[in-house]
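FYI, it's all coordinate maths here, none of it is from the lab. What you are looking at is a predicted structure, and each value in this text was computed from that prediction instead of being measured. For neighbour counting, all protein chains shown are included, and Cβ atoms are generated from backbone atoms with ideal geometry for every residue, glycine included.
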Amino acid sequence: TPLWRKDDEGKTVCNTCGLYYKLHGSARPISMKSNIIWKCSRHNARAQRSSLTEPPSASNMPGML
């Protein structure tokens with residue numbers, strides 16, 4: 001999803017505020033604001049996915065020496 005959305009009036013709002021408005025039909029309260037900015041972990045997920053597609057080594061297979 002995009003980090004920024006357009007509201008009904010065409011104003012740019014953050015993704016969280018836009019989704020809150022769609023779900024609740026009202027503006028997101030300022031009390032729900034967070035000062036923490038989370039980074040996406042896309043690179044870690046991509047590395048983990050590639051390790052899952054590698055064929056297993058002979059040492060990981062039972063009964064094979």
Label K6 and K33 with points 7 Å out from Cα along Cα→Cβ: what is the distance between them in nm?
2.6
Name the lysines eligible as straight-distance cross-link partners of K6: C-alpha to C-alpha under 17 Å, and not fewer than 8 places from it in the same chain.
K22
Given the Cα-Cα distance of H24 and R42 and 0.36 nm per residue of separation, how much length would full extension add, in nm?
3.5 nm
